[in-house]
1. Which one of these is within 22 Å of the chain's Cα centre (by Cα) and either surrounded by fewer than 15 Cβ atoms within 10 Å (Cβ to Cβ) or among the aliphatic types (A, V, I, L, M) (or both): 78, 108, 94?
2. Condition check: under 18 Å from the mean Cα position of the chain (by Cα), over 30 Å from residue 30 (Cα atoms) and among the small types (Gly, Ala, Ser). Does residue 298 satisfy that?
3. Does residue 255 fit the bill of being of a type in the set (S, T, N, Q), out of contact with any Ser or Thr (no Cβ under 6 Å at 6 or more places or on another chain), surrounded by fewer than 24 Cβ atoms within 10 Å (Cβ to Cβ) and more than 29 Å from residue 2 (Cβ to Cβ)?
4. Of the numbered conditions (1) more than 17 Å from residue 104 (Cβ to Cβ); (2) in contact with a Leu (Cβ under 7 Å, 6 or more places away or on another chain), residue 72 satisfies every one except a single condition; which is it?
5. I'd like the full set of residues that are in a loop (DSSP other than H, G, I, E, B), under 29 Å from residue 33 (Cβ atoms) and not hydroxyl-bearing (Ser, Thr, Tyr), limited to the stretch 111-141.
6. Of the numbered conditions (1) aliphatic (A, V, I, L, M); (2) within 24 Å of residue 241 (Cβ to Cβ); (3) part of a loop (DSSP other than H, G, I, E, B); (4) more than 19 Å from the chain's Cα centre (by Cα), residue 84 satisfies every one except a single condition; which is it?
7. In the stretch 27-37, is there at least one residue being among the small types (Gly, Ala, Ser), in a loop (DSSP other than H, G, I, E, B) and surrounded by fewer than 15 Cβ atoms within 10 Å (Cβ to Cβ)?
8. Of everything in the stretch 153-194 that's at pLDDT 95 or above and among the charged types (D, E, K, R), which residue is farthest from residue 138 (Cα to Cα)?
Amino acid sequence: MKLPDRFESVAALEDFMTTPPPELITDMKTVKGDILVLGVGGKMGPTLARMAKRATALGQRVIGVARFSEPGLRDTLAKYGIEAIMADLLDRAALERLPKAPNVIFMAGRKFGATGDVPLTWAMNVHVPAMVAEVFRGSRIVAFSTGCVYPFVPVDSGGATEDIPPVPPPGDYAASCAGRERMFEYFSARHGTPGRLFRLNYAIDMRYGVLHDVGRKVRDGETIDLAMGHVNVIWQGDANAVALRCLAHVTTPTTPINVTGPETIEVQWLAREFGKLLGKTPKFSGRPAPTGWLNDSSRMMKEFGAPNVPLAKMIEWTADWLSRDMASLNKPTHYEVRDGKY
């Protein structure tokens with residue numbers, strides 16, 4: 001895949017990000033039937049749905065489901081041939097009315113504000129998955145999860161593997177995400193539902209993500225807290241492609257897969273790289289902890305190969321985007337949080 005030098009606009013960024021790689025197109029030929037994206041309104045949902053539409057055979061429907069609180073999103077999806085259905089996933093009757101597509105990508109969840117309304121967090125992250133797993137028991141289900149289900153691991157360990165039990169540090173968000181996985185595991189085993197648990201660590205888009213957060217702080221002269229001193233990241237287009245390819249690589253019962261880049265990235269090093277590109281001197285506070293939320297992506301690499309976009313290119317793109325003060329979603333990842341309170 002030829003990588004551009006820069007992105008001149010959001011449209012150019014999204015066009016590149018939603019271009020399906022050849023291996024995805026090959027895998028999608030084996031995935032029969034329509035694709036239902038539950039929670040399409042989040043940060044990754046629209047580009048995943050668009051990539052799915054570009055990768056599928058003629059006549060295969062891609063259907064996005066959300067509350068659609070963002071103005072214009074339904075029209076944008078329709079522009080790219082994606083059908084949009086407005087529904088509240090907390091409403092069991094609404095779930096029952098949805099098309100029983102053979103392929104489901106589950107992307108719904110609640111993270112930010114999780115400590116502000118704890119019951120809602122648990123309802124979205126545990127109750128909704130349980131209902132979805134029952135209602136769509138006859139489908140393949142690729143369920144988005146997070147590396148936060150793992151305990152902290154030493155930063156020099158290479159990251160947590162899928163063999164490490166999901167027993168996260170305290171905090172309602174991480175604990176409820178472990179609960180989400182348990183619901184999909186339970187109903188997958190009970191009903192023989194094929195699936196994968198998609199443990200993602202930090203997708204990168206020019207408009208948000210760990211690189212955006214660190215680079216923006218360097219650009220604006222803000223102090224960077226080094227407490228969570230190491231991270232993993234992966235290009236959002238690569239993450240979306242792996243999620244869709246997982247439909248062709250499901251297991252029964254469902255099994256986890258870590259999805260992230262191969263590097264354990266030191267935040268201090270990352271900030272200094274941005275400093276070189278932006279002509280700024282980073283400011284730091286604190287000391288890097290000896291542990292962090294880090295994932296080992298060896299299983300992903302074995303099944304799907306290395307990401308198409310390397311870390312150096314993501315840093316270069318992000319610095320260029322920030323230097324031109326291009327669009328931001330203004331949605332910090334809060335990657336530096338260690339107490340589990342979001």
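The values are calculated or read from the model by the stated rules, or taken from the named source; none is laboratory data. For clarity, every value in this text was computed on a predicted model and none was experimentally measured. So basically every Cβ, Gly included, is an ideal-geometry build from the backbone, and we count neighbours across all protein chains shown.
1. 108
2. In short, no.
3. So residue 255 passes the test.
4. Condition (2) is where residue 72 drops out.
5. Of everything in the stretch 111-141, those that are in a loop (DSSP other than H, G, I, E, B), under 29 Å from residue 33 (Cβ atoms) and not hydroxyl-bearing (Ser, Thr, Tyr) turn out to be 136, 137, 138.
6. (3)
7. No, every residue in the stretch 27-37 fails to be among the small types (Gly, Ala, Ser), in a loop (DSSP other than H, G, I, E, B) and surrounded by fewer than 15 Cβ atoms within 10 Å (Cβ to Cβ).
8. The qualifying residue farthest from residue 138 (Cα to Cα) is 156.
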